[in-house]
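Inspection log for the structure reproduced underneath, given as structure tokens.
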Amino acid sequence: MNKTELFNKIFNAFILIGMAVVTILVTAIKLGGAENGQALLIIAAVGSLAGVLANVLSANGRILTFLFGLIDVTVYGAMCLAGAKYGNAALHLLYFLPMQVIGFVQWKKRGAGDGKQVRARRLDGPKWLLYGSIFLVGLVVAYVILCALDKTEAAGVIRWLVLTDALSMMCNLLGQYLMSTAYMEQWIFWIGVNIASVVMWVLTLRQTPDSSYALIYVVKYSFYLLNSLNGLRIWLALSKEGGSLEN
């Protein structure tokens with residue numbers, strides 16, 4: 001085992017064990033002090049554990065990511081719906097669920113499975129321009145629509161909670177597509193997702209402290225952020241081994 005493989009094993013263990021320990025502790029503490037919402041708290045914890053496992057597998061180019069991802073996106077979509085995060089709810093339930101199946105099929109075609117990592121690839125210049133334009137236009141449209149749907153009172157010109165919801169939504173859309181089609185650049189968008197999601201759930205906790213399950217998602221996306229940085233490192237290497245641009 002070389003140093004890179006050893007580092008990956010240690011880092012993966014840190015993410016998995018750390019997330020499990022923190023989630024269990026937070027869930028136990030919040031259950032002890034919660035007068036209601038216990039069922040949501042437990043469901044959120046289970047979904048979070050499945051999600052972090054899916055993310056670690058994805059960072060390492062393993063096709064089982066889509067099995068645990070299926071559990072994660074279903075639970076998270078339901079939690080977003082309960083928390084009035086309509087953009088993320090629609091995103092997970094109407095987009096991420098079918099994309100798990102599409103991703104599984106696409107990764108199979110690119111050699112993933114039977115212990116083998118997926119053959120990663122990279123975007124060329126024209127596609128960078130295309131996806132960048134889609135991101136910027138989509139962000140503006142999503143923000144306007146979500147502002148219209150949001151019923152909470154918000155001070156200031158920019159509604160920050162809605163903006164983080166829209167930003168997370170667009171990064172998720174592009175990140176999932178690039179993940180399912182095995183592009184390295186997915187990790188740039190996943191880093192954006194994780195930063196926006198941490199901010200969004202922190203703002204939720206500040207506005208509605210009784211949202212017990214929100215704390216779990218702050219922890220979850222903090223671990224995801226660390227994992228996405230490692231995923232970017234791994235996929236930079238995988239894309240060099242897997243082929244050239246658009247291969």
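Taken together, the values in this text are just the output of simple stated rules run on the coordinates, not laboratory data. Here the structure is a predicted model, which means the values were calculated and not measured. Backbone-built Cβ (ideal geometry, glycine too); neighbour counts: all protein chains shown.
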Just to confirm the number: angle between the C-alpha axis of helix 160-180 and the first principal axis of the chain, 0 to 90 degrees, nearest 10? 30 degrees
Using only helices, what value at 222 nm comes out for the chain when you add -39,500 (n - 2.57) per DSSP H run of length 4 or more and divide by the total residues, to the nearest 500 deg cm²/dmol? -26500 deg cm²/dmol
If each residue of separation counts as 0.36 nm, what is the full-extension length gain between ALA148 and ASP114 once their alpha-carbon separation is subtracted? 7.5 nm
Entries in LYS116/LYS220; LYS9/LYS116; LYS109/LYS220 that, when Cα-Cα distance is taken, lie over 21 Å: LYS116/LYS220; LYS109/LYS220
Per residue of segment 110-123, in order, report the coupling 6.51 cos²θ - 1.76 cosθ + 1.60 (Karplus, θ = phi - 60°) as ³J(HN,Hα) in whole Hz, putting x for Gly and Pro. 9, x, 6, x, 6, x, 9, 7, 5, 7, 7, 9, 10, 6
In nm, give the distance between the simple-model label positions of TRP160 and ILE10, each being 7 Å from the Cα along the Cα-to-Cβ direction. 3.7 nm
Stokes-Einstein diffusion coefficient of the chain, Kirkwood radius over Cα pairs, 4 °C, 1.567 mPa s, in µm²/s: 70 µm²/s
Give me the dipole magnitude in Debye, nearest 20, for the chain about the Cα centre, with unit charges on the beta carbon: positive for Lys and Arg, negative for Asp and Glu. 660 debye
Return the single residue from TRP160, TRP107, TRP190 with maximal mean-square fluctuation; model: Gaussian network over the chain, springs between Cα atoms under 10 Å. TRP160
Cβ charges +1 (Lys, Arg) and -1 (Asp, Glu), total dipole of segment 1-121, debye: 620 debye
Residues LEU236 and VAL140, FRET efficiency given R0 of 25 Å [Cβ-Cβ distance, rounded to 0.05]: 0.25
